[in-house]
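Visitor: For reference, the structure I am asking about is given below.
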Amino acid sequence: MLRSTLRRLTKPNVVVLGTGWAGCYAALHVDPNLCNIHVISTRNHMVFTPLLPQTTTGTLEFRSVCEPITNIQPALAKPPHRFLRSVIYDVDFDEKQVKCVGVGVVGGSENVPVNTFSVPYDYLIMAYGARPNTFNIPGVEEKAFFLREVNEARGIRKRLVQNIMTANLPTTSIAEAKRLLHTVVVGGGPTGIEFAANLAEFFREDIKNVNTSLLPYCKVTVLEAGEVLGSFDTALRRYGQLRLNQLGVEIRKTAVVGVTDEEVFTKSGEVLPTGLVVWSTGVGSGPVTKALKCDKTNRGRISIDDHLRVLRDGKPIPNVFAAGDCAASNERPLPTLAAVASRQGRYIGKEMNNLLKGKQMSRPFVYRSLGSMASIGNRSAIVSLGDKFKFDLNGCAALWVWKSAYLTILGSIRSKLYVIVNWAGSQIFGRDITYIGDLAEDRMYSALAVEEVSKEMSRKKTPEMLHAVNPESNYTSSVEKEGANKGFLPRKLGESTPLAPHGQAIEGSQVAHAAAAATSAEPEKKM
C-alpha cells in the first residue's frame with residue numbers, strides 16, 4: 001500500500017489545458033500508468049463541432065454532440081488523475097505552474113470565480129483553443145452569435161425560436177416579421193454554409209408547425225468577401241452554390257463593417273435588417289495567449305516547431321507542447337480544422353509516452369489531408385477525398401459518405417446511438433422547435449403578469465381590488481368565497497396562493513402593493 005502511494009506521488013504530472021479536439025486526443029493517448037494526468041478546462045466534455053450546426057435547428061439534440069471527458073479518458077475519474085473545471089489565466093514556464101481560477105456556484109449565481117490556485121506540471125500540453133476572429137468590427141463581439149460551443153449553439157436556437165414566436169404575434173407588423181425572420185450568416189466556410197443550409201431547410205419544412213403564413217418572410221443571407229466554400233475545387237463549389245440557391249439562400253460577395261441589434265452594415269453600403277447574426281469567419285488569439293511569455297505567430301497564436309513544442313526566443317521550452325487552434329507555425333501553416341487538431345493531439349500523446357519512458361522524440365509531426373466534407377442541408381453534401389484518392393462526390397451519395405465518416409469518428413456507442421436516433425426522428429417527425437425558458441424568464445413573466453393585472457384592475461375598479469387595498473373592510477365577494485373554498489385564492493391577505501404563474505406563489509403583500517400602485521394611476525380616458 002505504501003509502495004503504491006509513493007509510486008503515485010513520484011509519477012510526473014502531465015497537465016492538459018483544454019477539452020477540444022487536440023486536448024481530448026492528447027489525454028486519450030497519454031498512458032495513465034506512466035504519469036498523473038490533470039485536465040483543466042471550463043467544460044467537462046468534448047464538443048463534436050462538425051455536427052454543431054445541426055443542433056441549432058433541432059435536427060440533433062445538444063447531448064448528441066457532447067462526450068464527457070471521463071468517457072474519453074476513464075482514468076480521470078480515479079485519483080490521482082483528475083479533471084479541474086477552471087479558467088486558465090496564465091502559465092509560468094520558469095516555475096512550471098499553471099495559474100487558474102476555479103469556477104463554481106456562489107449565492108445561486110452560476111459560473112462565477114470561487115478561488116485561485118496553481119497546478120504544477122512536469123509536462124504541459126496547451127490545447128485550449130482560440131476565440132473567433134472578429135477583425136475588431138464594431139458590434140460583432142456584443143451582437144453576433146458564434147458557433148464553436150454548445151452554449152453558443154443553444155443561444156442561436158433560443159433566439160431563432162424567440163424570433164419565430166414574436167413574428168407570429170398579432171401585434172407584429174409585416175416589416176418587423178421580415179426583420180425577425182431574416183438571418184445573416186457571415187462567413188462562407190463549411191461551418192457557415194452548413195448552418196445556412198440547415199436553417200433554410202428548417203424554414204421550408206418546419207415553419208408550418210408554427211404558422212404557414214410566416215414562410216414568405218423567412219430568409220437566409222450569406223455574406224462572404226472571398227469565395228464561398230473556397231477550400232473545395234471549382235466543380236464542388238458550383239454544386240454547393242447551386243444547392244444553396246435551390247434552398248433559397250442568398251449569397252452576397254461583400255464584407256461586414258458593423259453590426260447592431262437589428263442591422264448589419266456591409267462594405268458595399270447596404271444595410272440589412274436582421275433578427276439573428278451568426279459569425280463564422282475563422283479564429284483569432286485570445287487573452288490567455290496574449291499573456292503568455294512565449295513566441296507568437298504573425299496572427300498572434302502560440303509559435304510551435306516541427307515537434308509541436310512551444311518556442312521562446314526561437315528555442316523549444318522544455319516539455320511544453322501546444323496544439324489545435326491556439327498554436328501555429330509561420331513556416332508551416334495548417335488549416336484550423338478538427339482533423340488537424342485531433343492528429344496533433346494524438347501525436348503529442350504518443351510522443352509524451354516516449355518521453356515518459358526515457359526515450360527521445362521520434363519523427364516530426366506531418367499533416368496529410370484525407371479530404372474535406374460539407375453537408376448542404378439534410379439531403380445533399382459535397383465530399384473531396386483529397387490528394388491521396390483524387391475522388392470528388394456530391395449529392396445524396398456524398399451525404400451518406402459524410403454521415404458515415406462522422407459516425408465512425410464519434411467516440412462512443414452512446415454518441416453514435418444518440419445521433420442516429422436524432423437523425424431518424426427529425427426525418428420522421430420533423431425538427432424540434434420546443435422553446436424552454438430559464439428560471440429568470442419565468443420570474444420575469446410572473447412579474448409582468450402581476451403588473452398587467454394591476455393595470456387591468458385600475459381600469460375596471462373591481463371589488464377584489466378594493467378589498468386588496470382596504471383589507472379591514474368586511475366586504476367579501478362571491479368570487480373570493482368560491483375561490484377560497486377551492487384553494488385558488490388566499491383566505492387572508494398575506495397568505496400565498498397555491499396556484500400562481502409558473503408554479504411560483506405571489507404573496508399577498510405583492511398584490512396589495514400592485515393594487516396600491518394601480519390606484520395612483522390615472523384612469524383611462526374614454527373616447
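The numbers here are math on the coordinates, done by the rules we state, and not lab data. Because the structure is a prediction, the values reported are computed rather than measured. Methodologically, a virtual Cβ is constructed for each residue, glycine included, from the backbone with ideal geometry; neighbour enumeration extends over all protein chains shown.
Visitor: Would you mind getting me the FRET efficiency between GLU456 and ASP31? Use the beta-carbon distance for r and R0 = 60 Å, nearest 0.05.
Guide: 0.30
Visitor: Cut-off is 10 Å between beta-carbons; in what order do TRP400, TRP423, TRP279 appear when sorted fewest neighbours first?
Guide: Ascending Cβ contact count within 10 Å gives the list TRP400, TRP423, TRP279.
Visitor: Now for a different question. Between THR70 and TYR435, 0.36 nm times their residue separation minus their Cα-Cα distance comes to what?
Guide: Result: 128.4 nm gained on full extension.
Visitor: Are any of the pairs LYS78/LYS290; LYS143/LYS455; LYS143/LYS403; LYS178/LYS208; LYS11/LYS293 more than 23 Å apart by Cα-Cα distance, and if so, which?
Guide: LYS78/LYS290; LYS143/LYS455; LYS143/LYS403; LYS11/LYS293
Visitor: What spacing in nm lies between the two simple spin-label points modelled at ILE174 and GLN360, each 7 Å away from Cα in the Cβ direction?
Guide: Inter-label distance under the simple model: 7.7 nm.
Visitor: Turning to a different aspect of this structure: What distance in nm separates the simple spin-label points at THR42 and CYS396, each placed 7 Å from Cα in the Cβ direction?
Guide: The two pseudo-label positions are separated by 4.4 nm.
Visitor: In sequence order, what are the phi-derived ³J(HN,Hα) couplings for segment 191-198 according to the Karplus relation 6.51 cos²θ - 1.76 cosθ + 1.60 with θ = phi - 60°, rounded to whole Hz, with x for glycine and proline?
Guide: Couplings: 5, x, 5, 4, 5, 4, 5, 4 Hz.
Visitor: In segment 212-237, which residues have a backbone nitrogen under 20 Å from the label point lying 7 Å from THR408's Cα in the Cα-to-Cβ direction?
Guide: none
Visitor: Let me ask something else about it. Hey, with R₀ at 30 Å, roughly what FRET efficiency would LYS296 and VAL421 work out to, going by the Cβ-Cβ distance, to 0.05?
Guide: So, using R0 = 30 Å, E works out to roughly 0.10.
Visitor: Apply the a/c threshold of 1.5 to the C-alpha gyration tensor of segment 3-79 and tell me whether it is rounded, prolate or oblate.
Guide: Prolate, since a/c reaches 1.5 and a/b exceeds b/c.
Visitor: Please give the peptides 91-101, 20-30, 36-46 ranked by average Cβ packing (other Cβ atoms within 10 Å per residue), highest first, as a rough proxy for protection.
Guide: Put in order of decreasing packing, that is 20-30, 36-46, 91-101.
Visitor: Tell me, what HN-Hα J-couplings in whole Hz come from the Karplus equation 6.51 cos²θ - 1.76 cosθ + 1.60 at θ = phi - 60° for each residue of segment 81-87, using x for Gly and Pro?
Guide: These are the phi-based 3J(HN,Hα) values: 5, 6, 10, 10, 7, 8, 9 Hz.
Visitor: Give me the net charge for the shell around ILE193: Cβ to Cβ below 15 angstrom, other residues only, Lys and Arg +1, Asp and Glu -1.
Guide: Charge balance in the 15 Å sphere: +1.
Visitor: Related question: Which residues' amide hydrogens lie under 5 Å from the amide hydrogen of THR254, considering only partners 5 or more residues apart or on another chain, with H built in the peptide plane?
Guide: Long-range HN contacts for THR254: GLU224, ALA225.
Visitor: Under a point spin-label approximation (7 Å from Cα along Cα-to-Cβ), what is the LYS208-ASP306 distance to one decimal in nm?
Guide: Here the answer is 6.1 nm between the modelled labels.
Visitor: Is any residue of segment 7-45 close enough, with backbone N under 16 Å, to a label point placed 7 angstrom from the Cα of VAL101 along the Cα-Cβ axis, and if so, which?
Guide: Hits in segment 7-45 for VAL101 at 16 Å: 41-43.
Visitor: Scan around THR281 for amide H atoms under 5 Å from its own, H built in the peptide plane at 1.01 Å from N, and keep only partners 5 or more places away or cross-chain.
Guide: It is ASN133, by chain and number.
Visitor: Sticking with this one: How far, in nm, would the chain grow between ARG443 and ARG63 when pulled straight, counting 0.36 nm per residue and subtracting the alpha carbon separation?
Guide: Length gained between ARG443 and ARG63: 134.1 nm.
Visitor: Which aspartates and glutamates does LYS267 reach when only Cα atoms under 20 Å apart count, and residues fewer than 8 places away in its own chain are ignored?
Guide: GLU141, GLU142, GLU224, GLU227, GLU250
Visitor: Right, something else. For LYS253, project a label point 7 Å along Cα to C-beta. Then give me every residue of segment 262-291 with its amide nitrogen under 12 Å of that point.
Guide: What the label zone holds, given the 12 Å backbone N cut-off, is no residue at all.
Visitor: Right, next: Give the peptides 284-291, 199-206, 152-159 in descending order of average Cβ contacts within 10 Å, highest first.
Guide: My ranking of the peptides, most packed first, is 199-206, 152-159, 284-291.
Visitor: Residue by residue through segment 135-140, which ³J(HN,Hα) values in whole Hz follow from phi under the Karplus form 6.51 cos²θ - 1.76 cosθ + 1.60 (θ = phi - 60°), with glycine and proline marked x?
Guide: Listing the rounded values in order: 6, 6, 6, x, x, 5 Hz.
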